[in-house]
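Derivation of every value follows stated rules applied to the coordinates shown; laboratory data play no part. This structure is a prediction, so every number in the text was calculated from the model and none was measured. Using ideal geometry, Cβ is built from the backbone for each residue, glycine included, and neighbour counts are taken over all protein chains shown.
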Amino acid sequence: KQEVTQIPAALSVPEGENLVLNCSFTDSAIYNLQWFRQDPGKGLTSLLLIQSSQREQTSGRLNASLDKSSGRSTLYIAASQPGDSATYLCAVIANYKLSFGAGTTVTVRA
Amino acid sequence: NAGVTQTPKFQVLKTGQSMTLQCAQDMNHNSMYWYRQDPGMGLRLIYYSASEGTTDKGEVPNGYNVSRLNKREFSLRLESAAPSQTSVYFCASSAGTSRNTGELFFGEGSRLTVL
């Protein structure tokens, strides 16, 4: 069974600092890995999708890396802003099933 | 851009009552999913539909039924609600048709309380 772990569970940083969010998974036989953002009481917003053949994906201030062999992905958010405060979830995709991590709750202090 | 639309957004039920959560997507996606999200448990797959006319069980299907009405719509039915089904339910869709789902897009969620 695929286990997805996100560390840390919570993170508080001052505005302007770079964020580093970690995601690890136990079974490397994945097709894709997807990062989401969830605001309180809201749905999940897709941030980045990394195909299993890719090493990284970038969108604006966001950069996600994927190392399948070691079962790790990292989401980098450059120059954090208070609007980046949210819970960030990673999910690995294999055989129609997304396995989600529990998320990292980020607070960016103004 | 509507994307994935769920109704209702909030619902309170008494134990034993039935109800249907509706989901529709306007992205011409082949696959649709129902998840539930509970504190400390994360998101868990209830049922999915890889294409119109097919449905399959996920991790936690007991107590639920689904219908893929057409390519756009995928409904989730609770026949006899139980307090353990109090949760936030999310519908999602993706373009994938094979084992690779592709990027998933989620609705805003339906918050269900069973008393």
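What's the local net charge at residue A:74, with K and R +1, D and E -1, over the other residues with C-beta under 10 Å away?
For residues surrounding residue A:74, the net value is -1.
Measuring from centroid to centroid over Cα atoms, what is the spacing of region A:7-34 and region B:1-36 in Å?
29 Å
Can you give me the C-alpha center-to-center distance between region B:57-115 and region A:53-95, rounded to a whole angstrom?
Distance between centres, Cα-based: 25 Å.
Quick one: Kirkwood hydrodynamic radius for the protein assembly as shown, alpha-carbon pairs, angstrom, one decimal?
On the way: mean 1/r = 0.0557 Å⁻¹.
With all distinct Cα pairs of the protein assembly as shown included, I get 18.0 Å.
Show which lysines lie in cross-link reach of residue A:68 when reach means a straight Cα distance below 23 angstrom and same-chain residues fewer than eight apart are skipped.
Here the lysines satisfying the reach criterion relative to residue A:68 are A:1, A:97.
Pull up the cross-link candidates among the aspartates and glutamates for residue B:14, meaning alpha carbon to alpha carbon under 13 Å and not fewer than 8 places away within one chain.
B:79
Quick one: what are the phi-derived ³J(HN,Hα) couplings along region A:60-68, Karplus 6.51/-1.76/1.60 with θ = phi - 60°, whole Hz, x for glycine and proline?
Per-residue couplings from phi come out as x, 7, 9, 9, 10, 10, 9, 10, 4 Hz.
Please express the shape of region A:1-59 as an equivalent ellipsoid: the semi-axes are the square roots of 5 times the eigenvalues of the C-alpha gyration tensor, given largest first in whole angstrom. Can you show the working numbers first?
Numbers: eigenvalues 98, 43, 39 Å².
Equivalent-ellipsoid dimensions as semi-axes: 22, 15, 14 Å.
Sort B:10-18, B:102-110 for me by packing, meaning the mean count of neighbouring Cβ atoms within 10 Å per residue, highest on top. Walk me through the numbers on the way to the answer.
Working: B:10-18: 12.1, B:102-110: 21.1.
Highest to lowest by the protection proxy: B:102-110, B:10-18.
Antiparallel DSSP bridges in chain A: what percent, to the nearest 5?
Numbers: 41 of 46 bridges.
Taking every DSSP beta bridge with both residues in chain A, the antiparallel ones total about 90 percent.
Using θ = phi - 60° and the Karplus curve 6.51 cos²θ - 1.76 cosθ + 1.60, what whole-Hz ³J(HN,Hα) does each residue of region B:38-48 get, with Gly and Pro shown as x?
So the J values, rounded to whole Hz, are 10, x, x, 10, x, 9, 10, 7, 8, 8, 9.
Give or take rounding to whole Å, what are the principal axis extents of the alpha carbon atoms in chain A, in descending order?
41, 27, 20
Report the calculated FRET efficiency for residue A:107 and residue B:71 (r = Cβ-Cβ distance, R0 = 30 Å), to the nearest 0.05.
Efficiency at R0 = 30 Å is approximately 0.15.
For region B:1-86, which GluC sites (Glu not before Pro) are both in a DSSP coil and crowded by at most 16 other Cβ atoms within 10 Å? Walk me through the intermediate numbers first.
Values: sites: B:52, B:59, B:73, B:79; in loops: B:52, B:59, B:79.
Loop-located and lightly packed - B:52, B:59, B:79.
For residue A:59, project a label point 7 Å along Cα to C-beta. Then give me every residue of region A:66-86 with its amide nitrogen under 16 Å of that point.
What the label zone holds, given the 16 Å backbone N cut-off, is A:66, A:74-78, A:84-86.
Given just the C-alpha atoms of region B:1-101, how large is their convex hull per residue in cubic angstrom?
Details: hull volume 10.2 nm³, N = 101.
With only Cα atoms used, region B:1-101 gives 101 Å³ per residue.
Can you compute the FRET efficiency between residue B:95 and residue A:9 using 1/(1 + (r/R0)^6), with r the Cβ-Cβ distance and R0 = 25 Å? Round to the nearest 0.05.
On the way: r = 32 Å, r/R0 = 1.29.
That gives a FRET efficiency of 0.20.
Go ahead and run the numbers for FRET between residue A:69 and residue B:14, Cβ-Cβ distance against an R0 of 35 Å, rounding to 0.05. Intermediate values should be presented prior to the final figure.
Working: r = 51 Å, r/R0 = 1.47.
With R0 = 35 Å, the Cβ-Cβ based efficiency is 0.10.
Using each residue's phi in region A:32-45, evaluate 6.51 cos²θ - 1.76 cosθ + 1.60 at θ = phi - 60° and report the 3J(HN,Hα) Karplus result to the nearest Hz, with x for Gly and Pro.
Listing the rounded values in order: 9, 10, 10, 9, 10, 10, 10, 8, x, x, 10, x, 9, 10 Hz.
Taking amide H atoms as placed 1.01 Å from N in the peptide plane, list the residues 5 or more away in sequence, or in a different chain, whose amide H sits under 5 Å from that of residue B:108.
Close amide H contacts, sequence-distant or interchain: B:6.
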